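Student: Can you read through this structure? Questions will come right after.
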Ligand code: RTP
Ligand code: MG
């Protein structure tokens, strides 16, 4: 069982894609164990994307993710990290396959709708930036008996 951090970025919220994206996560068989909608603080955004701090697009990226409310989630299940990267599709939507979120709903890297942690270490780090332990719930889905 793995946990990953998922964000519906401000463009996804503004375009009314929250339900569509959550629905894809649920239908795939993954579980949402924490969720909130808020405007991310600049401090959290910079910490979240600190691996890109030296990149030329860093300032634009931070402005984008704090430009309006985003939806933060902890999503869990077997191979959740790898599966959610595949569900989101390639970073540049030009390369994202139809059927992925970015392949179906995005055309620009700078407005690519969603985020998903890229490794177990990133997932742990990102979840701790955006959620307190007490905000992450534990429950059984009706169809998960004996799956893992
Ligand atoms: P994310 O972290 O948001 O899930 O995206 P990712 O892993 O697929 O891509 P990453 O390399 O981590 O880039 C983070 C976000 O920065 C923006 N970006 N802009 N202008 C550019 O060349 C550029 N490259 C990346 C995108 O919003 C990307 O999702
Ligand atoms: Mg990334």
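Any read-out appearing in this document is the output of simple, stated calculations on the displayed coordinates, not a laboratory observation. Please read these numbers as outputs of a predicted model, since none were measured by experiment. Because the Cβ atoms are built from the backbone with ideal geometry, glycine has one as well, and the counts that use them run over all protein chains shown.
Student: As a footprinting exposure proxy, order 127, 6, 142 by other Cβ within 10 Å, with the fewest listed first.
Tutor: Details: 127 22, 6 25, 142 5.
Starting with the residue having the fewest Cβ neighbours, the order is 142, 127, 6.
Student: From the square roots a ≥ b ≥ c of the eigenvalues of the alpha-carbon gyration tensor of the stretch 30-72, which class results: rounded (a/c under 1.5), prolate (a/b over b/c), or oblate?
Tutor: Judged from the Cα gyration tensor, the stretch 30-72 comes out prolate (a/c at least 1.5, a/b above b/c).
Student: With springs only between Cα atoms under 10 Å apart, run a GNM on the chain and tell me which of 24, 15, 85 wobbles the most.
Tutor: Looking only at 24, 15, 85, the biggest GNM fluctuation is shown by 15.
Student: In addition: Using only alpha carbon pairs under 8 Å that are at least six residues apart, calculate the relative contact order of the chain and give it in whole percent.
Tutor: 35
Student: Now for a separate question. I need the shape label for the stretch 87-148. Rule: rounded when a/c is under 1.5, else prolate if a/b > b/c, else oblate, with a, b, c from the alpha carbon gyration tensor.
Tutor: The shape class here is oblate.
Student: Here's another thing I want to ask about it. Using the 10 angstrom Cβ neighbour count as an exposure proxy, how do 137, 109 rank, fewest first?
Tutor: Lowest to highest Cβ neighbour count: 137, 109.
Student: Here's something else I'd like to know. Could you work out the Kirkwood radius for the chain, taking every pair of different alpha carbons, averaging 1/r and inverting it, reported in Å? Before the final figure, lay out the partial values.
Tutor: Values: mean 1/r = 0.0643 Å⁻¹.
It works out to 15.5 Å.
Student: Determine, for 139, 5, the number of other Cβ atoms within 10 Å of each Cβ, and report the residues in order from fewest to most. Don't jump to the answer; show the numbers that get you there.
Tutor: On the way: 139 7, 5 25.
Ascending Cβ contact count within 10 Å gives the list 139, 5.
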